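The values are calculated or read from the model by the stated rules, or taken from the named source; none is laboratory data. Fair warning: this is a prediction, and the values are worked out from it, not measured in the lab. Counting neighbours? That spans all protein chains shown, and the Cβs are built from the backbone with ideal geometry, glycine included. Remember, those area values only see protein heavy atoms, side chains included, never the ligands or the DNA or RNA. Shrake-Rupley method; radii C 1.70, N 1.55, O 1.52, S 1.80 Å.
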Amino acid sequence: MTIIMICDDEKKMLSDIAALTSEVINDSSISSFQNGRDLISAMKERSCEILLLDIDMPELNGLKIAHALSDVTAKPLLIFVTSHDELVYDSLQFHPFGFVRKSHLARELPKMLGDAINEISGKETHFCFHSSEGDVKLKLDDIRYFESDGNYIKLFAAEEYRFRETLTSLENTLAGNGFVRIHKGFLVNQSAVKIINSDECVLYDNTRLPIGRSYSDTARKQLMRYMLK
């Protein structure tokens, strides 16, 4: 399922964009917002894969919203929807995936969404995030596990990284990619697990990770299912 968020202060336009998006991408979860503050609040709780954003809005316009979301770990594909072509140049600093003109919505939006889906499909084997070292892109297969560290996440691969994110949000982002929540503080790559015990799992590099009681049944079933394939 593709998670999509739309923000436009015009109610009719917001409805039109949502309806057309639903037609083009059947397997989607669409959330609509009429102001930037509600959108930003929602994206702090749940990441999305595609963000359709109006540039010209009162109070918080699309450019200010894009700036506020610039430190989001799992960055969505940003598509600006606008009636003002003159604002497109200013938006390039946020590296948008594309632009759709409201006056040509029915013709331009379906193609843009199709291109976005193809782009997402090509990224499914990688995980991208922003750390103190800069923007990082890793193969999912190279990531052994994630560990919660307050408001940050520690990522363990060939090297160790640290970036700002919650483990729950990360779990949602990586849903369906083979990462299993085994503890309130750990999310493990199922392919990295060698041994499963009652209260811990052992990875191929001999790292031992705890399995929390509240996650035990579900986690052990998921890991065993993968091992028996």
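Given the condition more than 14 Å from PHE127 (Cα to Cα), assigned to a strand (DSSP E or B), charged (D, E, K, R) and open to solvent by 70 Å² or more (accessible area, probe 1.4 Å), answer yes or no: does some residue in segment 181-200 qualify? Looking for residues that are more than 14 Å from PHE127 (Cα to Cα), assigned to a strand (DSSP E or B), charged (D, E, K, R) and open to solvent by 70 Å² or more (accessible area, probe 1.4 Å), one finds at least one in segment 181-200, hence yes. A Cβ distance below 7 Å, combined with a sequence gap of six or more or placement on separate chains, defines the contacts here; from segment 148-177, residues that are farther than 21 Å from TYR204 by Cα and touching a residue at least 24 places away in the same chain (Cβ under 8 Å) reach no residue that is open to solvent by 30 Å² or more (accessible area, probe 1.4 Å) and among the aliphatic types (A, V, I, L, M). There is no residue in segment 89-97 that is in contact with a strand residue (DSSP E or B) (Cβ under 7 Å, 6 or more places away or on another chain), under 15 Å from ILE3 (Cα atoms) and of a type outside the set (D, E, K, R). The set of residues from segment 1-56 being out of contact with any helix residue (DSSP H, G or I) (no Cβ under 6 Å at 6 or more places or on another chain), among the small types (Gly, Ala, Ser) and more than 16 Å from LEU78 (Cβ to Cβ) comprises SER15, ALA18, ALA19, SER22, SER28, SER29, SER41. Selection of segment 4-20 for residues being farther than 12 Å from CYS48 by Cβ and either in contact with a strand residue (DSSP E or B) (Cβ under 7 Å, 6 or more places away or on another chain) or in contact (Cβ under 8 Å) with a residue 24 or more places away in the chain (or both) yields ASP8, ASP9, GLU10, MET13, LEU14, ASP16, ILE17, ALA18, LEU20. The helices (runs of 4 or more DSSP H) falling completely within segment 1-110 that include 2 or more residues that are among the small types (Gly, Ala, Ser) and surrounded by 20 or more Cβ atoms within 10 Å (Cβ to Cβ) map to 62-68. In segment 125-146, which residue that is acidic (Asp, Glu) and either in contact with a helix residue (DSSP H, G or I) (Cβ under 8 Å, 6 or more places away or on another chain) or surrounded by fewer than 10 Cβ atoms within 10 Å (Cβ to Cβ) (or both) is nearest to LEU187 (Cα to Cα)? Across segment 125-146, the extreme among qualifying residues is ASP141.
If you go through segment 202-220 and keep only what is open to solvent by 50 Å² or more (accessible area, probe 1.4 Å) and either in contact (Cβ under 8 Å) with a residue 60 or more places away in the chain or closer than 14 Å to GLY178 by Cβ (or both), you end up with just ASP205. Does LYS137 satisfy the criteria of being in a strand (DSSP E or B) and modelled with pLDDT under 90? Yes; evaluated as a whole, the condition is true for this residue. Considering (1) surrounded by 18 or more Cβ atoms within 10 Å (Cβ to Cβ); (2) under 16 Å from THR173 (Cβ atoms), the lone condition that ALA116 does not fulfil carries the number (2). As a summary of the residue check, SER41 satisfies the conditions (1) under 20 Å from the mean Cα position of the chain (by Cα); (2) in contact (Cβ under 8 Å) with a residue 24 or more places away in the chain except for the one numbered (2).
When residues in segment 167-180 are screened for being surrounded by fewer than 22 Cβ atoms within 10 Å (Cβ to Cβ) and either at positive phi or of a type outside the set (A, V, I, L, M) (or both), 8 of them pass.
Would a scan of segment 187-203 turn up a residue that is at pLDDT 90 or above, farther than 30 Å from VAL24 by Cβ, within 25 Å of the chain's Cα centre (by Cα) and among the hydroxyl-bearing types (Ser, Thr, Tyr)? Outline the logic, then answer.
Going residue by residue through segment 187-203, those that are at pLDDT 90 or above are 187-197, 199-203.
From the residues that got through so far, the ones that are farther than 30 Å from VAL24 by Cβ too are 187-197, 199-203.
From what is left, the residues that are within 25 Å of the chain's Cα centre (by Cα) are 187-193.
Then keep just the ones that are among the hydroxyl-bearing types (Ser, Thr, Tyr); that gives 191.
Scanning segment 187-203, I find at least one residue that is at pLDDT 90 or above, farther than 30 Å from VAL24 by Cβ, within 25 Å of the chain's Cα centre (by Cα) and among the hydroxyl-bearing types (Ser, Thr, Tyr), so the answer is yes.
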